[in-house]
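Notes follow once the structure below has been shown.
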There are 2 protein chains.
Amino acid sequence: MVDHVRRREELADSVLTIVARDGITGVTMRTVAKESGWSSGVLSHYFNSRHELLLAALRRAAHLQGGQFKLRRQENAADPVKQLEVLIEDILPLDERRVALTRIFLFFYAEAAQDEATREEIADYLSNWRRVVARAVQSAQEAGSVPSDVNPDLLAVQLVAYADGLSMHAVLDAEVLQRIQHDPQARSMLDLAIGAQIHQ
Amino acid sequence: MVDHVRRREELADSVLTIVARDGITGVTMRTVAKESGWSSGVLSHYFNSRHELLLAALRRAAHLQGGQFKLRRQENAADPVKQLEVLIEDILPLDERRVALTRIFLFFYAEAAQDEATREEIADYLSNWRRVVARAVQSAQEAGSVPSDVNPDLLAVQLVAYADGLSMHAVLDAEVLQRIQHDPQARSMLDLAIGAQIHQ
């Protein structure tokens, strides 16, 4: 029996591989067929267009990232501050996988600014990400590492905006990429702390 | 005598007006001719394609934003912390002008991920923005409001990433927009300060 769900995932993974290697423009029905080892006929049984392929890759990327967040939360269950750090650092485009994710999200962010259905998809993704971060903030509060008067939802909005902005700038601007590659301070969310040193 | 530079600017402003009102998809040679009050013939004398129009609007947006940054620096010359705050808050999409800027940058960020020439253009824009912010950090250091051991370039990378990420999320996600509309804490860069309350 053919596992259609699994095959769709495999095809979406092929799209992500191409995006990492060649960028979004490298994705066509033909290149995805070639990358996946399936014929164009089989491919078109699952996806009708290049855009459907990209959308499947976006959902796959969001799903993989969601799983990654969960794993990182479990790995660092004993250290809520570390948990918060990795939830932010984990999306920075420091390897091929994460470069592909950043590129595909950027592509759909631009589309989302023009298309209501895509916007909902992106808003869901961002909302899930913030929820994971807000939970990590709460864990850190329960452990006494973050003061109880911090609003977890507000901090989540801020940390997610920071991490996402930094990721995008890193794929667009070599200076920013070098900065996050060579300066751990730039990667760590705890560096947001620097703002506190400003005297009002 | 026709002032061609001025007319190109006017046409780019018409593009920005359309983007604010109807989004990027609202921009066509026809709608820009209509918005500007010039004929399609005159328009095509200045711009050969929709893409050239959008690129002119991007440059115009970057130029206007640069002028805005300069003005804000001067207005708040006596208060370097306030200067830093407005340099960040000033790009958040809280009115039509800034919604248009955020949309047009998002459109070109996605293009820049695929096109080297656009990437250079975007990297220049980001680099200029960081330079203005780094200078404001230095002013704040000279005034004793920011400790001298803070690296102005690093803080500029962080603040610009934060502001840009927050702007993009606000145009994509109504929850984030409401947050920055109603919660001044979310708008202020000084809220980055919250990170400092995490105990290592």
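With R₀ fixed at 25 Å, the C-beta to C-beta distance from residue B:124 to residue A:8 puts the FRET efficiency at about 0.05. Residue by residue along B:167-178, Cβ atoms of other protein chains within 10 Å of the local Cβ number 6 on average. The calculated FRET efficiency for residue A:181 paired with residue B:114, based on their beta-carbon distance and R0 = 30 Å, is about 0.85.
If the chain linking residue A:29 and residue A:149 were pulled fully straight, counting 0.36 nm for each residue of separation and taking away their Cα-Cα distance, it would gain 38.0 nm. Averaging 1/r across all pairs of distinct Cα atoms in the range A:42-103 and inverting the result yields a Kirkwood radius of 13.2 Å.
Largest GNM mean-square fluctuation across A:159, A:84, A:126, computed for chain A with C-alpha springs under 10 Å, falls on A:126. Here's the picture: charge each Lys and Arg Cβ at +1 and each Asp and Glu Cβ at -1 in chain A, and of A:132, A:23, A:94 the one pushed furthest to the positive end of that dipole is A:23.
Using a probe of 1.4 angstrom and keeping all protein chains present, the accessible surface of the range B:1-89 works out to 52 square angstrom per residue.
Simple rule: put +1 on each Lys or Arg Cβ and -1 on each Asp or Glu Cβ in the protein assembly as shown, find the dipole, and look at B:122, B:184, A:107; the Cα lying farthest toward the positive end is A:107.
Across the protein assembly as shown, Cα-Cα pairs farther apart than 36 Å form 27% of the total. Label-to-label distance, residue B:77 versus residue B:63, with points set 7 angstrom from Cα along the beta-carbon direction: 2.5 nm.
Placing a label point 7 Å from the Cα of residue B:142 along the Cα-to-Cβ direction, the residues of the range B:31-75 whose backbone N falls under 18 Å of that point are B:70-75. For the protein assembly as shown, the Cβ-based charge dipole about the Cα centre amounts to some 680 debye (Lys, Arg positive; Asp, Glu negative; other atoms uncharged). Chains A and B together bury some 4900 Å² of accessible area, summed over both sides, with a 1.4 Å probe.
Over the range A:96-188, the Kirkwood radius and the radius of gyration, each from Cα atoms, give a ratio Rg/Rh of 1.03.
How big is the charge dipole of chain A about its Cα centre, in debye rounded to the nearest 20, if each Lys and Arg gets +1 on its Cβ and each Asp and Glu gets -1 on its Cβ? Provide the component values of the computation, followed by the final result.
Details: 22 positive and 28 negative charges, 108 e Å.
That gives chain A a dipole magnitude of about 520 debye.
Solvent-free Debye calculation, one equal scatterer per alpha-carbon of the range A:1-121: log10 I(q)/I(0) at 0.10, 0.11, 0.16, 0.19 Å⁻¹ equals -0.35, -0.42, -0.81, -1.03.
The values are calculated or read from the model by the stated rules, or taken from the named source; none is laboratory data. Predicted model, so just to flag it, every value in this text is computed and none were measured. Neighbour counts run over all protein chains shown; Cβ positions are idealised from the backbone, glycine included. Note: areas computed on protein heavy atoms with side chains; ligands, DNA, RNA excluded. Shrake-Rupley method; radii C 1.70, N 1.55, O 1.52, S 1.80 Å.
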